Amino acid sequence: MESGNHSKVTEFILLGLSTDPNLQLPLFHFFLIVYMTTITVNLLLIVAVRADHRLHHPMYLFLANLSFLDICYTSITVPKMLVGFLTRNKCISFAGCLFQVYSFLLLGETECFILAFMAYDRFIAICNPLRYSTIMKTEACIKMISTSWLIGCIISSVDILVLYQLNFCGPNTINHFFCEAPSVLELSCSDLYLTNVVKLVGGCILLLLPLSFILYSYIHIIRAVLRIRSRRHKAFSTCVSHLTIVILFYGSAIFIYMNPQHTGNFTDKMSSVFYTIITPMLNPIIYSMRNKDVQGALKNIGKLLTISK
């Protein structure tokens, strides 16, 4: 549709996860517990990496940065959703909605590449252990993290500029619990051909490319693990758990961002719940909480807190 003299949308209405009034309070309590758990476990990991010199290594720097991303990631969406469960005011301003879209894209796109670099780190550590210390130096790790943030910043800026150029002339009801780009695009009265092309190309770069690299790395990692005689089962289970979380994260994101017929139905919402809320809670538990060095650092923090009391 060509742009014309349309009334401009100044705010959007978020329908939320469910419109059933009987579910609002149970959903509030459930997601409040999930959110507090996510913040707690990710903060604990960041503090542990910061406080214990044994964790000042590339792998733990990646994990600490992933935890920071996950804290910001959930804080962009969950607090607004929790407020929506308890109040009838489900409005969000146009500027607030665009800010939510931009922040969410920036953090999500950065996380996609952080996960890819983490897979590369594990690939070098397991498949080329003798070269690990020369390849994965702290400086190289910092460059990888900085590159991830830079890519996320550039691509999310392009995405939000494209979105900002669109006309929104009504309706203004978003069938979602936050301003996710595909749901917002459904309300535009502009021609979305170019936008959908950008969305598809961006999805291939940000989702399919890193996922392919991760799968390639873990195939070689699992092959190397299967050749290890001692502690094979533990190493294999760790790799499989990492890969499972990654596939579920990327799989749900691909389902949303590369689906040309996004309708905001129950399946779409559940997919968004998984990679925006559940995965950030599971990441520190799956990736690090079973690690003996991390467990030791957390025990030391607990002892310091006990002594201080």
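The values are calculated or read from the model by the stated rules, or taken from the named source; none is laboratory data. Here the structure is a predicted model, which is why all the values come from computation and not from measurement. All Cβ positions, glycine included, derive from the backbone under ideal geometry; neighbour counts span all protein chains shown.
Values as computed for the structure displayed
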item	result
Odd one out for Arg50, checked against (1) without any contact (Cβ under 8 Å) to a residue 40 or more places away in the chain; (2) more than 21 Å from Asn300 (Cα to Cα); (3) of a type outside the set (A, V, I, L, M)	(2)
All positions within the stretch 176-220 that are surrounded by fewer than 20 Cβ atoms within 10 Å (Cβ to Cβ), outside any helix (DSSP H, G or I) and not polar (S, T, N, Q)	Glu186, Leu187, Cys189, Asp191, Leu192
Test result for Ile33, buried (at least 17 other Cβ atoms within 10 Å of the Cβ), modelled with pLDDT of 90 or more and farther than 22 Å from Asn265 by Cβ	no
Sole residue being aliphatic (A, V, I, L, M) and within 30 Å of Ser148 (Cα to Cα), chosen from Val83, Val9, Val78	Val78
Residue count, the stretch 104-138 (criterion: hydroxyl-bearing (Ser, Thr, Tyr) and surrounded by 23 or more Cβ atoms within 10 Å (Cβ to Cβ))	1
Those residues of the stretch 139-162 which are under 19 Å from Leu66 (Cα atoms), exposed (fewer than 12 other Cβ atoms within 10 Å of the Cβ) and of a type outside the set (Ser, Thr, Tyr), in sequence order	Glu139
Failed item, numbered, when Lys269 is tested on (1) at pLDDT 80 or above; (2) touching a helix residue (DSSP H, G or I) at 6+ places or on another chain (Cβ under 9 Å)	(2)
Hits in the stretch 7-32 (condition: of a type in the set (A, V, I, L, M) and in a helix (DSSP H, G or I))	Leu23, Leu25, Leu27, Leu32
Members of the stretch 33-85 that are over 17 Å from Ile114 (Cα atoms) and not in a helix (DSSP H, G or I)	Asp52, His56
Exclusive hit being among the hydrophobic types (A, V, I, L, M, F, W, C), within 23 Å of His57 (Cβ to Cβ), in a helix (DSSP H, G or I) and modelled with pLDDT of 90 or more, set Leu130, Leu105, Leu115, Leu98	Leu115
Within the stretch 146-175, tally of residues that are over 24 Å from Cys204 (Cα atoms) and assigned to a loop (DSSP other than H, G, I, E, B)	7
Enumeration of residues in the stretch 105-122 that are under 14 Å from Ile142 (Cβ atoms) and among the charged types (D, E, K, R)	Asp121
Single residue of Leu43, Leu61, Leu14 found to be of a type in the set (A, V, I, L, M, F, W, C), closer than 17 Å to Pro284 by Cα and buried (at least 17 other Cβ atoms within 10 Å of the Cβ)	Leu61
Residue in the stretch 231-248 that is over 24 Å from His57 (Cβ atoms), at pLDDT 80 or above and not polar (S, T, N, Q) present	yes
